[in-house]
Amino acid sequence: MLWACLVTISSQLARPLSERSPAMVGAGAVGLDSGGGISIPLPRGIETTPPFRFPIVATLAPVVVSLAMWAITHSPFALMFAVLGPVIAIGSLVDSRLQARRTSRRELARFLLDAEGTREQIAGAKEAVVVGLSAAVRSPRGLLAAHVHDPERWRHDSGPLPVLVGRGTLPSGITLSGGQDGSGQLPAAATEVVEALRRDASTIDDAPVLLDARLGLGVCGRGVAASSYARGLIMQLAAALSPDVVELRVGEGFGEWAHALPHNRGSVAEPGRMEFLSSQRERADRLDRAGLRIVVALAESVELLPRDCRVGLAVAGGEIALLRHPSMESAERGSAGFPRVLRGELVSAGDAARFASVLREAAQIEGLGAAAPQPPASVAFASLEHPSPPGGVPVTGLPAVFAASADGAVQLDLVTEGPHAIVGGTTGSGKSELLISWVLGMAAAHPPERVTFLLVDFKGGSSFGAVEALPHSVGLITDLDPFSARRALESLRAELRHREQVFARRGARSIDELMAAAEASGSRPALPRLVVVVDEFAAMVADFPELHALFADVAARGRSLGVHLILCTQRPAGALRDNVMANCTLRLSLRVNNGADSTAVIGVPDAAALPPHPIGRAYLSSAGGPPRLAQLAIATAADAAAVSARWADSAPARRPWLAPLPAVLPASHPAFRAAGAEVPEGALAFGLRDLPQEQSQPVAAWHPATEGNLLAVGGQSSGKSSLLAALHGVAGERAMLLPGDVEGAWDALAGLTGAAPESAAPDVLLVDDVDALIGRFGDAQRPLVMEMLTALLRDGGGRGIRVAMTARRLTSAVHSLSGLCDSRILLRMPSRQDHVMAGGEGADHDPQLPPGGGQWRGRRLQIAWIPEAERMLPVASATRCPFGALAQGPLVVISTRAQAIRVLLEHVAPGRVTGPDAVPAAMPNSPDAEQAARIVVADPQEWQLHWAALATLRRRSPLLFDRCTASEFRSLSGSGLVPPPLGREPGGAWLLGDQGLVKRIQLPRGF
């Protein structure tokens, strides 16, 4: 039974402290589990003999039989049987009483023997519990005896943190079961034994009393006793909590020994207060921003203890009294399960100092906490010694010194330890400073012939100001000009092809062979290494998602081609894809927000524990090796100037992209003239295209015969007219510019689309602002203009005529024509929506494009500029016939200003102007001279009333329509013809001749 009890107790102690004792979790005191699990049976109850019952029937039965026999036999011997029954009954009663007394004495002896065994079980259980509790924590005396290499030191992981506050009498939680069989009350002696067993089992004397230190421990008292007692509590916490995961803040009043603990990192707490706090690394590792926080405070009274101390312990001599506790109902009733008075251990200042010395020595051996060797707080770039060629720098690498560890300067080689690097760090951790120092470190050790830098700054363009002027720098790309940034970054793909071509020509398989060959021959390397340094990679790919594939390609092929990446961002795991991360084996992590971000970069959560100061503290890891802690050097403008001066005589580095297209491209520009020489026959060169992915800027040429009609859409002053001028400048007489006035445009279109087009029809018809031109026509002529334009776009190719037209917007009319244009140019549009509606991609819209800038075939375009003096003017339209001979009559005038026209005509033809009332109903077939010269004038409404006269006159006289609408023309002329449009020049009118032809008439000035 004792063994079973010990197994039960051991199983309880083996449970986590948070599950072991309700007092530990709720009240904060550790005793035994009162919830059950430790139960000891009481001795089996005393067995008693049932009381003897007098046998009345058995006693009377022989008497009755004896009397019956006597009555029959009359023998006196029969009466003797009547006495035998009562005598036997009395004997049985006496014997029963004697047996009961013997049984009672025997059972009592057995009970007392069992009770002694039970007492031993209780003692064994209590001893096992005391041993188990003593093993849960070590007393201050035990800690003082521990040596430097103590294997049990700093083993606490998580959950409740028990500390020994003293020894005293605790409720045991042991229950005694059984012992009563229900047959009656125990004898007084047995009852006293049972009560004694229950009293013995209910408590444990001199038991270790443990409290959860997370509640906060407040020690009240004056003099040496309180300080000595607090030292013992602090020693237990310092021995349980590793200095690698806990930081210590020490206030005044705890002595120098507390400052010597390896947990102390120099932080100061309030006077009389000491705090054990989870380090930043520990909080990051557990993804817990709050972390562990344990407060130990000293005060003269419980009222002066801080709120963080939920437990208050008063010290008087060697006795400890509980004054504050979460489960405490009142000062008088105390806390359930916790003794009011304890015997505590006191530690002298000398013993505590020796204990702190042992812990600090142990921490130094294990490299933990404040005792671990630390890098310098700051490193000046100028104080570092950089390798210098020749001989000091290997040809195949890019070693650079830009940081220092506890052991001295740190050298990293981007090539041999990379070939690409990832830099992670939160805002303000020193990422930009790291990049500048690293670039300067490589530039200080290698000439521009060996390495060049392409700087990409998506934080506003200010990060690389110190190194942009280095002779190694081939350019700075910023997010301030997204279109230039995209162009430059796309050039990287062309740079890879360029390097492949150089390798093929030189017969080299990698940049290392190319460098080695140049070193052996003493010549300049054919290609330098190109290091692409990106600050805020996440922002860059957010603006240009298509660059993910480009950087994955560079990461995969960059080692052999000599293109290396240094990608910097706040959260690399969220910004970089796996195919890029896999090729970036050189990792640097400054302070990050959480352990997951640190683990993603360097494989461990340590970077999340880096302090905010000093800025530039980082972990370095290469090829999956263990991280090294280092302090990055801070470079100044003077350092950058010194490096630039060192290589001042070096030749300018080759840029991996071409200069952007000029904002103004004269037709005489050398690039345009040189590219124009390669234009195939029949094509019309009108500008330059920008192909950054090919590092070329070929001529933009439109081949009308093979590429169909051309439509250019652009806003005001976007270069539409310049496009047509450039096309005409090349086509010359083969091109015709459609007049912009309605009369000239109508006549030109009618001539080009007529049944018998002119033999001198142009090869190219140029139409400027076709949407505005169509809008200038009236409702009657507009459908016919659309028909003519549609016919010309659709069928003009069969006649050798192609159309190049421009529009400001894709109106419904222009949209119907745009389907007949096989080529389209998008110039600058007023808004992104207009750009998309015109058929472009939203990402390509650039409101800052210069005039003539646009998109053609998905690439940037700049149209050649032709001076105004050299531009072709539209063919003048002289299609109005003079009024002249019409005044001789006969003539029918239909005018909305009939009265004014009569007055004017009276001056030209006096006496011959009349109204329709004067026209006879039936005119002779051969009218006299007066009638033949008559000019009949009326307004449209009046002619409607004299319809018969109008019908008679229009067979003999031409009809002049002045200021009439097309519908009035058609209704009064009796013809279904649509009259040609009249422009804004005053004096225009329509004349319907006797042949049924309509032509324009120019009325005299004054009409």
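Rule-based calculations on the coordinates, nothing more; no lab input. No experiment lies behind these values; they were computed from the predicted model shown. All Cβ positions, even for glycine, are placed from backbone atoms using ideal geometry, and neighbour counts span all protein chains on display.
Residues Met274, Met69, ranked from the fewest to the most other C-beta atoms within 10 Å, line up as Met69, Met274.
Rounded to the nearest angstrom and listed largest first, the equivalent-ellipsoid semi-axes of segment 478-518 from its Cα gyration tensor are 30, 10, 5. Let me check I've understood the local charge: for Gln121, count other residues with C-beta under 11 angstrom from its C-beta, Lys and Arg +1, Asp and Glu -1. What total comes out? Net charge in that neighbourhood comes out at -3. Net charge in the neighbourhood of Arg577 (other residues with Cβ under 15 Å of its Cβ; Lys, Arg +1, Asp, Glu -1) is -2.
Equivalent-ellipsoid semi-axes for segment 665-870 (Cα gyration tensor, √(5λ), whole Å, largest first): 27, 21, 14. Neighbour counts of C-beta atoms inside 10 Å place Asp994, Asp457 in the sequence Asp994, Asp457, starting with the fewest.
Assigning unit charges at the beta carbon (Lys, Arg +1; Asp, Glu -1) and nothing else, what dipole magnitude in debye, to the nearest 20, does segment 399-481 show about its Cα centre? Walk me through the numbers on the way to the answer.
Working: 3 positive and 9 negative charges, 10 e Å.
I would put it at about 40 debye.
The C-alpha radius of gyration of segment 40-136, expressed as a fraction of 2.2 N^0.38 Å, stands at 2.20. Net charge in the neighbourhood of Cys881 (other residues with Cβ under 11 Å of its Cβ; Lys, Arg +1, Asp, Glu -1) is +3.
Would you compute, from DSSP H runs of 4+ residues alone, the mean residue ellipticity of the chain at 222 nm, taking -39500 (n - 2.57) per run and dividing by the full residue count, rounded to the nearest 500? Each step should come with its number before you reach the end.
Working: 32 runs with 366 residues, N = 1007.
Calculated at 222 nm, the ellipticity per residue is -11000 deg cm²/dmol.
Relative to the globular-protein estimate of 2.2 N^0.38 Å, the Cα radius of gyration of segment 207-281 stands at 1.09.
To the nearest 10 degrees, how steep is helix 482-506 against the longest Cα principal axis of the chain, on a 0 to 90 scale? With both axes taken from Cα atoms, the answer is about 90 degrees. If you take the square roots of the eigenvalues of the alpha-carbon gyration tensor of segment 398-463 and sort them as a ≥ b ≥ c, do you get rounded (a/c under 1.5), prolate (a/b over b/c) or oblate? Here segment 398-463 falls in the oblate category. In a simple Cβ point-charge model (Lys, Arg +1; Asp, Glu -1; nothing else charged), segment 40-136 has a dipole of about 160 debye relative to its Cα centre. Between Leu665, Ser650, Val245, the Cα set farthest toward the positive side of the dipole of the chain (charges on each charged residue's Cβ, about the Cα centre) is that of Val245. Could you please tell me the mean projected area of the C-alpha convex hull for segment 880-1002, averaged over all directions and given in square nanometres to one decimal? Taking the Cα atoms of segment 880-1002, their convex hull projects to 7.1 nm² on average. Each 5 Å bin, from zero up to the one with the longest distance, holds this percent of the alpha carbon pairs of segment 437-498: 4, 17, 24, 23, 19, 11, 1. The simple spin-label model puts a point 7 Å past each Cα toward its Cβ; for Thr952 and Met69 those points are separated by 18.6 nm. Think of segment 665-870 as a dipole: +1 on every Lys or Arg Cβ, -1 on every Asp or Glu Cβ, centred on the Cα centre; then among Leu724, Gly687, Met837, Met837 lies furthest on the positive end.
Model label sites at Glu192 and Glu733, defined 7 Å from Cα along the beta-carbon direction, differ in position by 14.8 nm. Ordering Ser66, Pro76, Val130 by Cα displacement along the dipole of segment 40-136 toward the positive end leaves Pro76 in first place; charges were set at the Cβ atoms of Lys, Arg (+1) and Asp, Glu (-1). Straight-distance candidates among the aspartates and glutamates for linking to Lys126, with alpha-carbon spacing under 19 Å and chain neighbours fewer than 8 residues away dropped: Asp33, Asp114, Glu116, Glu195, Asp200, Asp205, Asp206.
When DSSP beta bridges are limited to those with both residues in the chain, what percentage is antiparallel, rounded to the nearest 5?
On the way: 71 of 142 bridges.
So the antiparallel bridges amount to about 50 percent of the total.
For Ala633, nonlocal amide neighbours, meaning residues 5 or more places apart or on other chains whose placed amide H falls under 5 Å from its own, are Ala403, Ala404. Each Lys and Arg Cβ is given +1 and each Asp and Glu Cβ -1; about its Cα centre, the chain then shows a dipole of about 940 debye. Only one item in [x] 1.02; [y] 1.08; [z] 1.37 matches Rg/Rh (Cα atoms, Kirkwood Rh) derived from the coordinates shown, and that item is [z]. Amide H contacts of Leu176: Ile40, each under 5 Å away and 5 or more positions distant or on a separate chain (H built 1.01 Å from N in the peptide plane; Pro and chain starts excluded). Counting only alpha carbon atoms, the long axis of helix 224-240 and the longest principal axis of the chain meet at about 60°. Translational diffusion of segment 734-830 was estimated from the Stokes-Einstein equation, with Rh taken as the Kirkwood radius over Cα pairs; at 4 °C and 1.567 mPa s the coefficient is 95 µm²/s. Within the same chain, lysines fewer than 8 places from Lys459 are excluded, and of the rest, those with a Cα less than 26 Å from its Cα are Lys431.
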